[in-house]
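Trainee: This is the structure, below, for whatever I ask next.
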Amino acid sequence: MDTERLVDAITPEAYENLTYAVETGRWPDGTQLSQEQRDSCMQALMLYQSKHNVEAQHMTVAAGGEISFKSKTELKKQFQSPDSDIFKVKINE
């Protein structure tokens, strides 16, 4: 199977399963991956991301095959809400 057909055959559910497998070293059912399986899954993820990933995270393969990195400042901006305080306490002195 050529790489284009492989990438086209990956469904969003399969992508999530591959991501879980690479991150944890196990399939969602708990079966452990061999190093060869993990390497193959990672390659498949990178191919899929290079074609479909238009909103790249911190360090991923962006659409077009470019590796995308975000700085710590960019990540903070992305995840920080305008009301980022969880709780404020006024201390009487």
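Trainee: With no solvent and one point per C-alpha, what does the Debye sum give as log10 I(q)/I(0) for region 1-51 at q = 0.16, 0.24, 0.28, 0.32 Å⁻¹?
Mentor: Cα-only, vacuum Debye calculation for region 1-51: -0.41, -0.88, -1.09, -1.25.
Trainee: Next question. On a full-extension model of 0.36 nm per residue, what is the gain between residue 13 and residue 34, subtracting their alpha-carbon distance, rounded to one decimal in nm?
Mentor: Working: separation 21, 0.36 × 21 = 7.56 nm, distance 2.12 nm.
Gain on extension, residue 13 to residue 34, equals 5.4 nm.
Trainee: What residues have an amide H closer than 5 Å to that of residue 26, excluding those fewer than 5 places away on the same chain, when H is modeled at 1.01 Å from N in the peptide plane?
Mentor: 33
Rule-based calculations on the coordinates, nothing more; no lab input. Not measured: the values here are computed from a predicted model.
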